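In what follows, a single structure is set out as structure tokens and then discussed.
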Amino acid sequence: MSPQAAPEKKFAALLKALPAKPGVYIFKNAGGRIIYVGKAALLRTRVRSYFGSTHAFEAKTRRLVAQIADIEFILTGSAQEALLLEATLVKRHQPFYNVRLKDDKHYPYLKIDVSEDWPRVQITRRISSDGARYFGPFASAGSVRRTLDLVKKLFPWRSCTKEITGDDPRPCLEYFIHRCIGPCASLCSKEEYDTVIQQTIMFLEGRTDEITRDLRREMQKASAGLEYERAARLRDQVQAIDRTTERQVMEVRDRTDMDVFGLAREEQEAYVQVFFVRKGLIIGRDIFQLDGTVDETDAEILRSFVEQFYESAPFVPARVLLPVKIDDMDLIAQWLTQRRGERPNGRRAGAVRVMAPSRGEKRMLVQRAVDNARESLQQARAKWMADRGKTDEALQQLQDELELPSLPKRIECYDISTIQGTSAVGSMVVFEDGTPKKSEYRRFRIKGVDGQNDFAMMQEVLRRRFWRARRQSQEEGANEAGEYDESFGAMPDFVIVDGGKGQVSAAHDAMRNLGIGHIPLAGLAKRFEELFVVGVSEPVVLDRKSQALYLVQRIRDEAHRFAITYHRNVRKKSGLRSALDDVPGVGPKRKRALLRKFGSLKAVRDASADEIAETPGFTRGLAEKVLEAL
């Protein structure tokens, strides 16, 4: 019995009994742990799809199916209810094979309990149906505290927890530094304090124009009444709000409330940036890190994030902008419309539109969010690399786990990038003391391998790299002659190749033939993030939370990025050459003139002979030759 058929036979009775109704299905492993939660409009059809042929599945799905030991399901009244229940269960159980918010227990919110006589602004991690106003979620305790500090500086509400009777003989220090208006000592009326709270709520909603308009009106009224000290305080408050708004906002012509999402990912990591657009102003932003994104599409990552983000969000805007279209977009829009419900003023909110704009201002907003997410990802990596303690710990763990003869101070990693054997290239990246040394990165055009043979390509790259090192060590005058290359001259303490046993075996053969088979070598397999070491039958599995695993993943990802970038450039140049450079009479100047006029090869191909002939340097006959070649 094949491995694929085993789960299907085991669950045959259950699969037959599954109802053709909407609901949520739950997969558990042999230890009883929930490893995946999914939703379905028809449970029977969706769950059965996991137990047919697995050849079309992604590697991640095949690994999931192999671990299923038990299946449970929960019926729901509609597909919308299933969507909400899925998001709730994913946030609660954090299943390994689901895309999930990183370290998400309960994200923090700001809470203002307007039912209290003297409300405060507090941080909470739970939302209740208690009539209070909630704002968030925020990505971290740090970001919610920064917002709390900001509104405290701008609006003088009380931060103390004492019972307010108005009988205190004197107020605390916050009153004298204008951070509270002193309800404890009856220095303000209930109406004045409620106004401060209302202004705070309006600010958190992004209604800064209304606040500053009201404050300016109060300032003029105070000045006309000769209350110059109060007028000065109101003026300072207006200026502080204006300065804060100038730092935070970017103006948008569309005045509709929107949340704008941008996604950036590299191998194991994914970050989502959210812009909060209120009344045409980007009033804030936050960044979220995701787990479980390996082998998932951008659309699936965003769908899962949107569901979890809005599962308990206290505010849903009229528009949700995404960089790519996602599955169940209409269903999610209906669910968000239902979640939006009534506004605090009791009026019914309008329908929510979930969009993936392709042009115009909304597309520019999405692209800006994507760029910010990418920057956050790079900063997180750079921050980790700059932490000397973590990199030292990672290197020591590597030495211990792989039993290396010395601390791997210089690590080199190699990767191959090709499409069916064409435009094949190799990359070499160098990390010294756990940090990238980009000046010594090198790239290789594969010259001696025809067709798709990753093993032979890896051998060629390593032969050329280490042959160059041996030649430089034998030529004493190489440095003076200008031929010495420091990257090739220095020998690594540890070599990593992207791949499993096959890549490691091929790499070791190449290194051994050059007399350097003693250099420690390992392959990092993407499927399970296992390290395959020469001479060791079983792979070395590093702790998933270890600094060593994080380091080798970063190195492997950097080699992959470097190879992909070079491969794209080579493929692009190859494409241009094959299309135009072989046309008799079309040299570099005429090719540049054509591309400058038409912008792309496709546009040249779609042009008429007369249009091409109008290009400087072209005749009608040459234009016809170009079209024939294309």
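Rule-based calculations on the coordinates, nothing more; no lab input. Only a predicted model underlies this, so the values are computations on that prediction, with no experimental measurement involved. Neighbour counts run over all protein chains shown; Cβ positions are idealised from the backbone, glycine included.
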Counting Lys and Arg as +1 and Asp and Glu as -1, what is the net charge of the other residues whose Cβ lies under 11 Å from the Cβ of PHE27? 0
The farthest towards the positive end of the charge dipole of the chain, of the residues LEU395, GLY182, GLN198, given +1 on Cβ of Lys and Arg and -1 on Cβ of Asp and Glu, is GLN198
Taking the dipole of the chain about the Cα centre (Lys, Arg +1; Asp, Glu -1; charges at Cβ), the one of ALA231, ALA369, VAL99 that reaches farthest to the positive side is ALA369
Just grab the label-to-label distance for SER129 and ALA41, each label 7 Å out from Cα along the Cβ direction, in nm (one decimal). 2.8
Which entries in the list LYS60/LYS102; LYS152/LYS221; LYS111/LYS279; LYS362/LYS591; LYS383/LYS501; LYS438/LYS589 go over 29 Å, if you measure between the two C-alpha atoms of each? LYS362/LYS591; LYS383/LYS501; LYS438/LYS589
Relative to the chain, whose Cα atoms define the longest principal axis, helix 620-629 and its Cα axis are tilted in degrees, nearest 10, by 90
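Assuming a ≥ b ≥ c are the square roots of the Cα gyration tensor eigenvalues, decide whether segment 5-98 counts as rounded (a/c under 1.5), prolate (otherwise, with a/b larger than b/c) or oblate.
Cα axes put segment 5-98 in the oblate bin.
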With θ set to phi - 60°, apply the Karplus curve 6.51 cos²θ - 1.76 cosθ + 1.60 along segment 83-98 and write out the HN-Hα couplings as whole Hz, x wherever there is a Gly or Pro. 4, 5, 5, 4, 4, 5, 5, 5, 5, 6, 9, 6, x, 4, 8, 8
Long-range HN-HN contacts of LYS102 with modeled amide H, under 5 Å: GLN289, LEU290, ASP291
Which one of TYR310, PRO584, LEU321 is farthest out on the positive end of the charge dipole of the chain, using unit charges on Cβ (Lys, Arg +1; Asp, Glu -1) and the Cα centre as origin? PRO584
Which value, in debye to the nearest 20, gives the size of the charge dipole of the chain about its Cα centre, when Lys and Arg are +1 and Asp and Glu are -1 at the Cβ? 1420
How large is the helix-only mean residue ellipticity at 222 nm for the chain, computed as the sum of -39500 (n - 2.57) over DSSP H runs with n ≥ 4, divided by its residue count, in deg cm²/dmol to the nearest 500? -14000 deg cm²/dmol
With both partners inside the chain, how many of the DSSP beta bridges are antiparallel, as a percent to the nearest 5? 80
Other-chain or far-sequence residues with amide H under 5 Å of GLY284's (modelled H): PHE276
Taking only Cα atoms of the chain, the Rg to Rh ratio with Kirkwood Rh works out at 1.05
Expected sort for 163-174, 362-373 on mean C-beta neighbours within 10 Å, highest first, is 362-373, 163-174
Highest-first arrangement of 17-25, 297-305, where packing means the average Cβ count within 10 Å: 297-305, 17-25
Relative contact order of segment 258-383 (C-alpha contacts under 8 Å, at least 6 apart) in percent is 33
